[in-house]
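For reference, the structure discussed in these notes is given below.
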């Protein structure tokens, strides 16, 4: 039986539900749930990242733009699609609402692993930012492709 991460839902109660569907069983089934802090908007943005931990099941990223309450610094978390366990977390210093947007970008640093971006709009005099992370290492990616290729990947991922 082949399962693949197909959808994740952002609910007002700050819960991410992950459902799978397969050819053998087209019905959607809850496989686990991950709860965020109250009013943190955990799961506001969710994206499939492919199989970063090489366990045969796609992994995902979930943003939490209001981790410590409205107008505060956010986080983004990468989870195993197989077990729902945390692979890594990201915060971006003084960027308000970091984790408000997340996207899979493909392999922008040419290391053979899919990479991803996390963005925050900024607020109160702080400019917004987008950080591109290496899917292999979890650190900010060193882009080896032409800049225009990376920008095209970001535009495609956010459409």
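Every number in this text was worked out from the coordinates using simple rules, so none of it is lab data. Here the structure is a predicted model, which is why all the values come from computation and not from measurement. Please note: Cβ atoms are built from the backbone with ideal geometry, for glycine as well, and neighbour counts cover all protein chains shown.
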What FRET efficiency, computed as 1/(1 + (r/R0)^6) with R0 = 35 Å and r the Cβ-Cβ distance, is obtained for residue 35 and residue 55, rounded to the nearest 0.05? 0.95
Between residue 137 and residue 94, what FRET efficiency comes out of the Förster formula 1/(1 + (r/R0)^6) with R0 = 30 Å and r the beta carbon distance, rounded to 0.05? 0.80
Grab the Cα-Cα distance for residue 111 and residue 87, subtract it from 0.36 nm times how many residues apart they are, and report the gain in nm with one decimal. 6.8 nm
